[in-house]
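Peer 1: To start, I am sharing the structure in question, which I have written as structure tokens.
The values are calculated or read from the model by the stated rules, or taken from the named source; none is laboratory data. The structure presented is a predicted model; accordingly, all values stated were derived computationally and were not measured. A quick note on method: Cβ atoms are made from the backbone with ideal geometry, for glycine too, and the neighbour counts reach across all protein chains shown. To get the accessible areas, we keep the full protein, side chains included, count just its heavy atoms, and leave off ligands, DNA and RNA. Shrake-Rupley method; radii C 1.70, N 1.55, O 1.52, S 1.80 Å.
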Amino acid sequence: MFGAGGAGTGHYHSRTRSKPTPKKGKNTVIVYDVTLEDLYNGKTVTMNLERQGICGTCSGTGGKRGARSKTCVKCSGKGKIMVNRLLSGGLMAQSQALCPVCDGQGTKIRDVDQCRKCKGEKTTKEKKKTTWHIEKGMIDGQRVTLREHGDQYPGAPTGDVVFILKLQPHQTLKQSSEYDLLATVSVTLSEALTGFSRVVFHHLDGRGISVTVPPGRVINNGDSFKVEGEGMPIERSERKGDLWLKFELEKIDEDWAKNVDLEALAKLLPSKRQNVVPKPEIIDDVTLKLDDNPPQPREPRPQQSHYYEEEEDQQDYYDDSDDDGGTEFCNHSLSGQADGLSLAIGIPPVLPSTTPTG
Ligand SMILES: [Zn+2]
Ligand SMILES: [Zn+2]
């Protein structure tokens, strides 16, 4: 090291008084795209990482064998220089900065003595095959740090590589929280009325998820069911969040309706409604024109009294569903590879209005 054997020389003292901060190897931050499958199952990633590594030719000295250093002209060997910064209001401020010519070393190898490989930079770009792991149950935005896999610089700590996991949207599954999953299951009119038993979707580990709704249990559009323990795994635990299945009634096929005995069907279905009461004095027949793009109703201005009414309504809704909370179905899986599920009716969690991104 510089001045180690020269205690008492002027040069040594000047170096101690304004000891330059050694350049630290830079941390590298990489945003890494992951799928919900990656977070559910875990994943081992093998990739080539590029970094500045200590030059193998000069071992990080920056010079040829036996090269001599000279005092840096820019900083006169101090390793630091004064820089002017313009402040708001036209004021100038002076502050210390690392000398860019000698990187704070105070000395510089003469141009003719520079290492040919790194051109005196002491480091060179290098590629390294690196393997790292996405653990089961990691979440969107989580950081995975590979210590000392970042840039190197002689005499300074090696930087880290930090991966920030960025979750890509999934085609069929959404998250209501880090660990709860939401899936929409489309059911036909027949299934809604008479029950069904089938594999409804592929889970993130490839398992088929089989659902059985017994005859006699009618499915209404928007009914939601909770499947406990079928959500996302929780890191470093055996537990999992929950899966919510929301049933959506498929559109009724018009061609089917044209080819069915509607009179016979009407007798099977619940009876049709009567006119509104009281009977109006004047009744007009109107013509219906199908239009799939109806205008949106105007939002009423929020009023204090409305607000309270809504809260009460919601309370009733919760109470009702609590009564149904104990309902469970007996289920049978359709095939050996599918998991039969036990369903309990409940209120689904609400999707966050904005998806957090990291
Ligand atoms: Zn070199
Ligand atoms: Zn310098």
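Peer 1: Cross-chain or 8 or more residues apart, Cα under 20 Å: how many lysine pairs in the range 80-182 fit that? Count them up, please.
Peer 2: 12
Peer 1: Here is a follow-up. Can you give the Rg/Rh ratio of the range 181-259, where Rg is from the C-alpha atoms and Rh is the Kirkwood radius?
Peer 2: 1.08
Peer 1: To continue, here is another question. Which FRET efficiency value, to the nearest 0.05, do you get for Y32 and T184 by plugging their Cβ-Cβ distance into 1/(1 + (r/R0)^6) with R0 = 25 Å?
Peer 2: Rounded to the nearest 0.05, the efficiency is 0.30.
Peer 1: Sticking with this structure for a sec: Cβ under 15 Å from G241's Cβ, G241 left aside: what net charge do those residues give with Lys, Arg +1 and Asp, Glu -1?
Peer 2: With Lys, Arg at +1 and Asp, Glu at -1, the neighbours total -3.
Peer 1: Reachable lysines from K289, Cα under 30 Å, same-chain residues fewer than 8 places away excluded?
Peer 2: K251, K258, K267, K272, K279
Peer 1: Could you pull the accessible area for Y179 with a 1.4 Å probe, rounded to 10 Å²?
Peer 2: Here the accessible area works out near 70 Å².
Peer 1: Additional query: Can you give the accessible area per residue of the range 224-267, in Å², using a 1.4 Å probe?
Peer 2: 71
Peer 1: Mind checking the range 172-276 for GluC sites (Glu not before Pro) that DSSP puts in a loop (not H, G, I, E or B) and that have at most 16 other Cβ atoms within 10 Å?
Peer 2: Working: sites: E178, E191, E228, E230, E235, E238, E248, E250, E254, E263; in loops: E178, E228, E230, E235, E238, E250.
Counting only loop positions with at most 16 other Cβ atoms within 10 Å, the GluC sites (Glu not before Pro) in the range 172-276 are E228, E235, E238, E250.
Peer 1: Restrict the search to the range 125-189; then list the trypsin sites (Lys or Arg not before Pro) that DSSP places in a loop and that have at most 14 other Cβ atoms within 10 Å of their Cβ.
Peer 2: R147
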